[in-house]
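Enquirer: Shown below is the structure under consideration.
The values are calculated or read from the model by the stated rules, or taken from the named source; none is laboratory data. Given the structure is predicted, the values throughout are model-derived calculations rather than measurements. Here the Cβ positions follow ideal geometry from the backbone for every residue, glycine too, while neighbour counts run over all protein chains shown.
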Amino acid sequence: MYIDNLLLADFRNIAMAEIKLNNGINILYGDNAQGKTNILESVYICATGRSHRTKIDGQLINFGKREAHIKAFIVRDKRTDRIDVHLKKDEKKGIAVNGVPIRKSGDLFGTLHTVMFSPEDLQLIKNAPSERRRFIDMELCQLSNVYYYDLQQYYKVLKQRNNLLKRIQKNIKLKDTLFVWDSQMCQYGMRVIDSRGAFVERISTISSKIHSCITEENEELVIEYKPNVLSCDFAEKLASSIEKDIMYGSTTFGPHKDDIIFYVNQNDVKIFGSQGQQRTAALSAKLAEIEIIKTETGQTPVLLLDDVLSELDERRQYYLLDSIRDTQTIITCTGIEDSIKRYTEKASIFNIKNGIVDMRHT
Ligand SMILES: Nc1ncnc2c1ncn2[C@@H]1O[C@H](COP(=O)(O)OP(=O)(O)OP(=O)(O)O)[C@@H](O)[C@H]1O
Ligand SMILES: [Mg+2]
């Protein structure tokens, strides 16, 4: 699939823009703080219903304005879908697909698939476990409505359980009601754990092949799921930690504390890897995501590369650009780098200056 046309109104620093994209490589270049990432952010919102940078929708609206609009036309096979996002200052945003309002993000998933690649993603291995959970969750949610539902329910129940734990501290009688939440925690939690396990195994198999290619077979990458608790032990662990949970007012065990570990040549790359090794392992995992989306949906996702080329050495830049030949890609950069020059013949190039998008005719 690819985005044919993207229209923005009062989104961040972009007052008005119509960006006619080509189905191959699109380059957004310009100085810092001009609006390049803002454009990628708007695409990401069309795919997932939320920003990758903020939870506060109001921040997405041009300073001083009360609302903002994003409109995207997505082509797949022979049909075109339209996604409309209407952001409002103090109200919930509205999203519609082909003019029909959607009730929850789950209904949006699948209309547009993206894989976003930002400098922070290259830090995936160094970052906190929550970022690695997010990496798995965002992808799984886009691919499976069931997972999205299970995960949402799990976090909802977790929040309610934690609230109750704090109330039990003051009123011990309430302890008898804890089992209601515990059985629901197990029900959703076990499904989350099992789905994550299966997904990480797939990512590991595919990314290990990619990693081997990028490193000319010098490095073997294995990604391992590290569940905080096995799904078969969840109920027991939950029951055994009740006293501790009450004391701290929070839940000790569960998939909200999961992690994934990256091994390169059998060493934990977070501890032993160089910065370059860590970035390459993250790159391999991201590229594996593209493969999984292709297999699962039969569609190529739109790839959003935010400033990542400058973070990679030339060999990795070429590998990345070579491996995405059949994928619509939107690349941001401050200058047109050598590696991109090879592709600029076919690429559409846009200059972004102070929120104004100017298409360059080469
Ligand atoms: N709600 C908003 N209204 C108006 N302008 C905004 C809003 N939010 C952010 N901006 C402006 O957008 C600009 C940042 O845009 P963006 O992050 O897209 O920059 P960029 O071109 O990607 O830069 P860099 O190369 O540094 O990553 C800043 O100047 C910021 O002040
Ligand atoms: Mg940027």
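Enquirer: When only residues in the range 2-18 that are more than 11 Å from ligand 1 (Cβ to nearest atom) and crowded, with 23+ Cβ neighbours inside 10 Å count, which is farthest from Val308 (Cα to Cα)? Talk me through it step by step, then tell me what you get.
Expert: Filtering the range 2-18 for residues more than 11 Å from ligand 1 (Cβ to nearest atom) gives 2-9, 16-18.
Narrowing the set further to residues that are crowded, with 23+ Cβ neighbours inside 10 Å leaves 3, 6, 8.
On the way: Ile3: 21, Leu6: 22, Leu8: 24 Å.
Within the range 2-18, the match that is farthest from Val308 (Cα to Cα) is Leu8.
Enquirer: Still on this structure, please answer the following. Quick one: which helices (runs of 4 or more DSSP H) sit completely within the range 268-362 and have at least 3 residues that are at pLDDT 90 or above and out of contact with any helix residue (DSSP H, G or I) (no Cβ under 8 Å at 6 or more places or on another chain)?
Expert: Fully inside the range 268-362 and qualifying: 275-297.
A quick yes/no check of all residues on (1) more than 22 Å from Ile193 (Cβ to Cβ); (2) in contact with a Cys (Cβ under 9 Å, 6 or more places away or on another chain); (3) outside any helix (DSSP H, G or I):
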residue: Ser208; (1), (2), (3): yes, no, no
residue: Ser212; (1), (2), (3): yes, no, no
residue: Glu216; (1), (2), (3): yes, no, yes
residue: Val222; (1), (2), (3): no, no, yes
residue: Tyr225; (1), (2), (3): no, no, yes
residue: Asn228; (1), (2), (3): no, no, yes
residue: Phe234; (1), (2), (3): no, yes, no
residue: Lys237; (1), (2), (3): no, no, no
residue: Met247; (1), (2), (3): yes, no, no
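Enquirer: Filtering the range 30-49 down to residues that are among the hydroxyl-bearing types (Ser, Thr, Tyr) and more than 7 Å from ligand 1 (Cβ to nearest atom), which residue is farthest from the chain's Cα centre (by Cα)?
Expert: Result: Ser42.
Enquirer: Just to be sure before I move on: is Gly58 more than 29 Å from Ile349 (Cα to Cα), away from ligand 1 (no atom under 16 Å from the Cβ) and either touching a residue at least 60 places away in the same chain (Cβ under 8 Å) or part of a helix (DSSP H, G or I) (or both) in the structure I sent?
Expert: So Gly58 fails the test.
Enquirer: Please go through the range 68-94 and give me each residue that is among the acidic types (Asp, Glu) and touching a residue at least 12 places away in the same chain (Cβ under 8 Å), ordered by number.
Expert: Asp81, Asp84, Asp90
Enquirer: Please determine whether any residue of the range 97-105 is within 10 Å of ligand 1 (Cβ to nearest atom) and within 29 Å of Leu140 (Cβ to Cβ).
Expert: Step one: list which residues in the range 97-105 are within 10 Å of ligand 1 (Cβ to nearest atom), which gives none.
There is no residue in the range 97-105 that is within 10 Å of ligand 1 (Cβ to nearest atom) and within 29 Å of Leu140 (Cβ to Cβ).
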